[in-house]
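Chemist: The structure follows.
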Amino acid sequence: MDNRIVKLADVMVNYSLRLKKGDWVKVQGTPSAMPFVKAFFKKAVEIGANPYFIPVVDDLTEIVLKHGSDDQLKFIPETMKYEAEHLDALMVVFGFDNTKFLSNVDPSRQAMAQLARKPVQERIFDRIAKGELRWCGTGFPLLSAAQDAEMSLTEYEDFVYTAGCLHLDDPVAHWQEVSRKQAHVCSFLDSKKDFRIVAKDTDLSFSAAGRKWINCDGAQNFPDGEVFTAPIENSVNGHIRYSFPACYQGREVLNVRLEFKDGKVVNFSADKNEEFLRHMLDIDEGARYVGEIAIGTNYEIKRFSKNTLFDEKIGGTCHLAVGKAFPEAGGSNNSALHWDMVCDLREGGKIFADSEIIYQSGRFLNGLLS
């Protein structure tokens, strides 16, 4: 087994999820990620935790979404509700064997199924915010993802493991140092109220007064590297054009442009899959409001890969998510949707805080991240 997989499992068990004896931990992902699942199980069992694995199979999801009745799309198993209430930890392996398997599914049916799961998602987010449930989502180098990124599998493996700094002798020490540096950034941003992001075809202002900036240091996403907040719900104004395709539920939405007034999307357009974008923005009342605004800080990730886990962390970018806000940041927007879309700031982009420039061309100024 690639030693980097073993290192990834060790980071997940001992750093991100902090598993301990007796913990009930669910592992969820495609069977193609089995090398990681086996490594994770071994580390978890050594700790004394109780892991179990739930496979996610593209074809089975497709069958339900294409052929199920409305009642079947809305059905939530009692086991899913029980897990939301009682799991100690949740390990999600992101990725699919075919990332385009939902491309021909009616987006209204996808929206219906997603909306039905909203109460379960809310309970999970609530328990995470209260510290009752630890969770982490990670990537595994699957062939489908390598194809999306236009890399060979070997190149994509290097991309994935370098993004997590798993090539280092002590990855945990690295992420502890990331945590320290980003804590300094969050403390600075917490002291500011009004923000403005300016880039090509983008001029967006918002308030985060009284809200908290969250330090994303590998505890809940891996690889990680971002700081985020939940803006005041009615404070977002202006427009943004996303530099990269917005990828969600197997769809690529190209050249997304959103216009906000008093927090709400009032106009939108896209060059491809605009109808899908509309269905997602109309999934519920909260879907047109901003749940998250973040700044990517992982400078080991330098290129777009069509995988949001990595793309939203690219050092020198920002991302704005419509939909669900994370309560730990102080946000109250509620939605079944949480869709991160990425805007590149590396070529002249600027961020202002209380009218002073704090970020330019992909970097914080005045040594904020040192």
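The values are calculated or read from the model by the stated rules, or taken from the named source; none is laboratory data. Given the structure is predicted, the values throughout are model-derived calculations rather than measurements. Cβ coordinates were reconstructed from backbone atoms using ideal geometry, including for glycine residues, and neighbour counts include every protein chain displayed.
Chemist: If I go through region 289-328 residue by residue, how many of them are of a type in the set (S, T, N, Q), surrounded by 22 or more Cβ atoms within 10 Å (Cβ to Cβ) and outside any loop (DSSP other than H, G, I, E, B)?
Modeler: 2
Chemist: Right, Asp59: without any contact (Cβ under 8 Å) to a residue 40 or more places away in the chain, part of a helix (DSSP H, G or I) and not hydroxyl-bearing (Ser, Thr, Tyr) or not?
Modeler: no
Chemist: I want to confirm something. Restricting to region 178-219 and keeping residues that are without any contact (Cβ under 8 Å) to a residue 24 or more places away in the chain and assigned to a loop (DSSP other than H, G, I, E, B), which single residue is nearest to the chain's Cα centre (by Cα)?
Modeler: Ala209
Chemist: When you check Gly286 against the structure, is it assigned to a helix (DSSP H, G or I), in contact with a Gly (Cβ under 7 Å, 6 or more places away or on another chain), modelled with pLDDT of 95 or more and buried (at least 19 other Cβ atoms within 10 Å of the Cβ), yes or no?
Modeler: It is true that Gly286 is assigned to a helix (DSSP H, G or I), in contact with a Gly (Cβ under 7 Å, 6 or more places away or on another chain), modelled with pLDDT of 95 or more and buried (at least 19 other Cβ atoms within 10 Å of the Cβ).
Chemist: Identify all residues within region 252-271 that are in a strand (DSSP E or B) and more than 16 Å from Val342 (Cα to Cα); write none if there are none.
Modeler: Result: Phe260, Lys261, Lys264, Val265, Val266, Asn267.
Chemist: Could you check region 160-177 and list, in sequence order, the residues that are part of a helix (DSSP H, G or I) and either among the aliphatic types (A, V, I, L, M) or surrounded by fewer than 16 Cβ atoms within 10 Å (Cβ to Cβ) (or both)?
Modeler: Our first condition is that a residue be part of a helix (DSSP H, G or I); within region 160-177, this holds for 160-163, 171-177.
Selection gives Val160, Ala163, Val172, Ala173, Gln176, Glu177.
Chemist: Quick one: how many residues across region 16-55 are among the charged types (D, E, K, R) and either outside the structural domain of Ile128 (by TED's automatic domain parsing) or on the phi > 0 side of the Ramachandran plot (or both)?
Modeler: Residues that pass the stated criteria total 1.
Chemist: Another question, then. Would you pick out the residues in region 72-91 that are surrounded by fewer than 17 Cβ atoms within 10 Å (Cβ to Cβ) and not hydroxyl-bearing (Ser, Thr, Tyr)?
Modeler: Gln72, Lys74, Phe75, Ile76, Pro77, Glu78, Met80, Lys81, Glu85, His86
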